[in-house]
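Remarks on the structure that follows.
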């Protein structure tokens, strides 16, 4: 059974949802790694950086968490190929840590957006390969700072290299290129604003998030 | 000594908060307002040291934490102890 881990920061609030989803997918309890820890155990094969409001969004969303102790080790292990997914605040943290290009800004309409979003999927990433080509999926979003920004050159590069994993069909936040989720150039680090861990059980109202987790877990 | 760091969005980056502020000022009758940009000021109290060294250290702080240079630019002002009196 695959060992997974979820990083926990002060004011993470989707860590339990991530743990529950990973537990259901792998049959094994994920390790919760506190931000003060300096090492992610070597037997961990996939890490989720969960959603929430780490450090109260002080300075910028994700900025303080991105500089915490555990992130040094996460970066080092990701550089060696460990798959990492940052969801919502986790996406903000990974961009702030320089592990993903671009930045997440205040939503263009200034409003916190909390609803189900419909996403177009690029099925050529290790996080999305189980989805059918051309399929759209319904995944909840809940964020205030989800407006993806990257300069023209970066946008062109990530687009050309197939790093755009998810795009909104109905852009809720002003993101450039309708971008909802991207990977790094190597393809082992992904960040997305929508919450696949909130769409893995029929009681959630949808299960379109299951294939996200299964895709990456099967790729290990 | 005091270092003030002014952080704002780079030119060309859409500033929804600034736009809302400008619109609100227009609504109040200030028709001359064409645009507003919102940033933040971070005031650092530093141990007294050489001004150039302080400038270099604060610049490093900006690059490493205080500004996200993907979207933000920054400006540093240092009050040396002499000018603070």
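Annotations for the structure displayed:
- Members of the range A:101-131 found to be touching a helix residue (DSSP H, G or I) at 6+ places or on another chain (Cβ under 9 Å) and within 13 Å of chain B (Cβ to nearest Cβ), listed by number: A:101, A:102, A:103, A:104, A:105, A:106, A:107, A:108, A:109, A:110
- The residues of the range B:1-45 that are part of a helix (DSSP H, G or I) and under 24 Å from residue A:151 (Cα atoms), listed by number, are B:16, B:17, B:18, B:19, B:20.
- Residue among A:190, A:203, A:155 that is surrounded by fewer than 23 Cβ atoms within 10 Å (Cβ to Cβ) and within 22 Å of residue A:21 (Cβ to Cβ): A:203
- Among the residues here, residue A:61 qualifies as closer than 23 Å to residue A:17 by Cα, within 11 Å of chain B (Cβ to nearest Cβ) and either in contact with a strand residue (DSSP E or B) (Cβ under 7 Å, 6 or more places away or on another chain) or buried (at least 24 other Cβ atoms within 10 Å of the Cβ) (or both).
- Here the strands (runs of 3 or more DSSP E) wholly within the range A:82-181 that include at least 2 residues being closer than 27 Å to residue A:210 by Cβ and modelled with pLDDT of 95 or more are A:84-87, A:113-121, A:136-143, A:164-168.
- Subset of the range A:76-100 [surrounded by fewer than 20 Cβ atoms within 10 Å (Cβ to Cβ) and within 14 Å of chain B (Cβ to nearest Cβ)]: A:98
- Taking the criterion of being within 12 Å of chain A (Cβ to nearest Cβ) and within 17 Å of the chain's Cα centre (by Cα), the residues of the range B:17-38 that qualify are B:17, B:18, B:38.
- Filtering A:147, A:107, A:171 for residues that are without any contact (Cβ under 8 Å) to a residue 24 or more places away in the chain, over 13 Å from the mean Cα position of the chain (by Cα) and within 24 Å of residue B:72 (Cα to Cα) leaves a single hit, A:171.
- Index of the failed condition, residue A:190 passing every other in (1) in a strand (DSSP E or B); (2) more than 16 Å from the chain's Cα centre (by Cα): (2)
The values are calculated or read from the model by the stated rules, or taken from the named source; none is laboratory data. Everything quoted here is computed from the prediction, not taken from an experiment. All Cβ positions, glycine included, derive from the backbone under ideal geometry; neighbour counts span all protein chains shown.
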